[in-house]
Amino acid sequence: ETGVTQSPTHLIKTRGQQVTLRCSSQSGHNTVSWYQQALGQGPQFIFQYYREEENGRGNFPPRFSGLQFPNYSSELNVNALELDDSALYLCASSLGLAGVNTDTQYFGPGTRLTVL
Amino acid sequence: SQQGEEDPQALSIQEGENATMNCSYKTSINNLQWYRQNSGRGLVHLILIRSNEREKHSGRLRVTLDTSKKSSSLLITASRAADTASYFCATVSNTGGFKTIFGAGTRLFVKA
């Protein structure tokens, strides 16, 4: 167990709807990253938050947004859902800034989102 | 597009054999990490190698990094059926903000 939890485990939504996914990081971890993993593919980096500020973003449109809270929880919000948004969404937490030092990312089990 | 590309895409071996997976990347990196994933669930961190390191060991795992060729390899020695999983390399860079880029992965099947 990594100590990182995500909710819900599974979710079914309809195209055009909005969804909020939640992640609880390990206590003391200042960085949280979110990834989208389509079936049979590697995780795609969505964005990273460090102490409640976004400090890195992948090639995802603005309808993907996030929040990080002081209590080590975070959210991924996706507006105007599209069929291609169906995927496993993973969050990962780490102590500081991944890449600055030897930060290991600890992944949650993921939320599987299906968009119909 | 993916930063890291793993090779091979799939590998099937007998228990006790060694498994070697390769990863190539495109831009400069701070470090490179290898992860394992079972059945589409969360990823488990295996080993991290910094850009100024050339080789690292952890139990049955050996990772090498060649920054001149922008490539890394993961060797699993004396494989076990429980090693069956997907293995991903991930590179961390700080170009235009922090980014962690994963490859498409190598699917390893270890037959008992």
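Below, the figures for the structure above:
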{"read-out": "A:Y89, A:Y106, ranked by accessible area, largest first (probe 1.4 Å)", "value": "A:Y106, A:Y89"}
{"read-out": "Kirkwood-type radius of the stretch A:1-48, with distances r between different C-alpha atoms, in Å", "value": "12.9"}
{"read-out": "Gained length - B:T77 relative to B:R54, 0.36 nm times residue gap less alpha-carbon distance", "value": "6.4 nm"}
{"read-out": "Spin-label zone in the stretch B:71-102 - amide nitrogen under 14 Å from a point set 7 Å from the Cα of B:K111 along the C-beta vector", "value": "B:81"}
{"read-out": "Exercise: per-residue mean of other protein chain Cβ atoms within 10 Å, B:100-106", "value": "5"}
{"read-out": "Simple Cβ-charge dipole of chain B, Lys/Arg +1 and Asp/Glu -1, about Cα centre, in debye nearest 20", "value": "200"}
{"read-out": "Neighbouring partner chain Cβ atoms per residue of A:32-42, average, 10 Å criterion", "value": "4"}
{"read-out": "Rg in Å to one decimal, and Dmax rounded to a whole Å, for chain A via C-alpha atoms", "value": "13.3, 41"}
{"read-out": "B:T64-B:E17 pseudo-label distance in nm [points 7 Å out on the Cα-to-Cβ vector]", "value": "2.0"}
{"read-out": "Sulfur and carbon atoms: percent of accessible area, chain B [1.4 Å]", "value": "48"}
{"read-out": "In nm, spacing of pseudo-spin labels at B:T27 and B:S39 (7 Å Cα→C-beta vector)", "value": "3.7"}
{"read-out": "Neighbourhood charge, 12 Å Cβ-Cβ cut-off, centred on A:G16 and excluding it, Lys, Arg +1 and Asp, Glu -1", "value": "+1"}
{"read-out": "Extension reserve of the A:N59-A:T114 stretch, reckoned as 0.36 nm per residue once the Cα distance is removed", "value": "17.7 nm"}
{"read-out": "DSSP bridge orientation in the protein assembly as shown - percent antiparallel, rounded to nearest 5", "value": "90"}
{"read-out": "Probe 1.4 Å, accessible area per residue of the protein assembly as shown, Å²", "value": "46"}
{"read-out": "Dipole in debye (nearest 20) - the protein assembly as shown, about Cα centre, beta carbon charges: Lys, Arg +1; Asp, Glu -1", "value": "140"}
{"read-out": "Sum of side-chain charges, A:T2 neighbourhood, beta-carbon under 15 Å (Lys, Arg +1; Asp, Glu -1)", "value": "0"}
{"read-out": "Chain B: relative contact order in percent, alpha carbon pairs under 8 Å with at least 6 residues between", "value": "38"}
{"read-out": "All-pairs alpha carbon distance profile, the protein assembly as shown, 5 Å steps from 0, percent", "value": "1, 7, 15, 19, 19, 17, 11, 7, 3, 1, 0"}
{"read-out": "Quarter of Cα convex hull surface for chain B, i.e. mean projection, nm²", "value": "6.7"}
{"read-out": "Mean separation of Cα contacts under 8 Å (6+ apart) over length of the stretch A:4-116, as relative contact order %", "value": "37"}
{"read-out": "Distance in nm between pseudo-label sites at A:T104 and A:S27 (7 Å out along the Cβ direction from Cα)", "value": "1.9"}
{"read-out": "Taking the stretch B:56-112 and dividing mean pair separation by its residue count, relative contact order in percent (alpha carbons under 8 Å, at least six apart)", "value": "29"}
{"read-out": "Neighbourhood net charge (12 Å Cβ-Cβ; Lys/Arg +1, Asp/Glu -1) for B:V63", "value": "+2"}
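The values are calculated or read from the model by the stated rules, or taken from the named source; none is laboratory data. The structure displayed is predicted, hence computed values, not measured ones. Glycine gets a Cβ as well: all are built from the backbone with ideal geometry, and neighbour counts include every protein chain shown. When the accessible area is computed, the model is the full protein with side chains, heavy atoms only, and any ligands, DNA or RNA have been set aside. Shrake-Rupley method; radii C 1.70, N 1.55, O 1.52, S 1.80 Å.
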